[in-house]
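Only one structure is covered here, and it is reproduced in the block below.
The values are calculated or read from the model by the stated rules, or taken from the named source; none is laboratory data. Keep in mind the model is a prediction, meaning the values are calculated, not measured. All Cβ positions, glycine included, derive from the backbone under ideal geometry; neighbour counts span all protein chains shown.
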Amino acid sequence: MGKYVWEIIRHTFSPQFLVALFYSFAYYIHEHVAWRSTIHAERDARIHATASIRNAQNVYVGKNSHINHLCCVWAGENSKIILGNNLLMGPGVCIFSGNHSTIKGRPMTFQARQEESIVIGDDVWLGAHSVITAGTQIANGVIVAAGAVVTRSITQEGVIVAGIPAKIVRERLPAPEFNINEMDTVEKILAR
């Protein structure tokens, strides 16, 4: 225990502490504050404090949409990410409108970026840890299963997609038809 106390005391008054403190503060401003002034988000959009947003000037978030815990929404400098109304994102969803080139013989980190915009429609649910890649479009009412990777556009509305790469697995079920009146109870409604 004494070893750790001495370590805390010794490093609290070191130049490395001040450098680390500066970098942590700068990172916090970059990651959690700066993008908020340039993002195009409707007033009722909810963006979790742990979400990571890049090139926020090219990110559009629709009405009543939710970007969840640990989501990455990374637009490019020359590409947009457009999220429709009533969009749900599970935790850890990643949306990338740009990527590195993959030419052999040159480190990927130094290669030119390839960018294409992403458009996601209204009433879409992106399941936890799904990935949406550059150039894709997702139609209204689509559910992307948890862990799916969307590499091609989903143009059919109201379907559920799953897998790597994501493919249509079925259509969403229609809403049950029933009328609620003042005399109905929860049990009666559930029994229908």
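Before moving on, here are some points about what is shown:
- Any hit, segment 47-54, residues being surrounded by fewer than 18 Cβ atoms within 10 Å (Cβ to Cβ) and among the charged types (D, E, K, R): no
- Taking segment 72-101 as the range and being surrounded by fewer than 21 Cβ atoms within 10 Å (Cβ to Cβ) and among the hydroxyl-bearing types (Ser, Thr, Tyr) as the test, the residues that pass are 79, 101.
- Scanning segment 21-46 for residues that are buried (at least 19 other Cβ atoms within 10 Å of the Cβ) and assigned to a strand (DSSP E or B) turns up just one, 41.
- Residues located in segment 76-108, provided they are touching a residue at least 24 places away in the same chain (Cβ under 8 Å), touching a strand residue (DSSP E or B) at 6+ places or on another chain (Cβ under 6 Å) and more than 12 Å from residue 124 (Cβ to Cβ): 76, 78, 79, 81, 94, 96, 97, 98, 99
- Within segment 154-173, the residues that satisfy the criterion of being surrounded by fewer than 17 Cβ atoms within 10 Å (Cβ to Cβ) and either part of a loop (DSSP other than H, G, I, E, B) or modelled with pLDDT under 95 (or both) are 155, 156, 157, 158, 163, 164, 165, 172, 173.
- Set 103, 95, 53: member being assigned by TED's automatic domain parsing to the domain that holds residue 139 and touching a Phe, Trp or Tyr at 6+ places or on another chain (Cβ under 6 Å): 53
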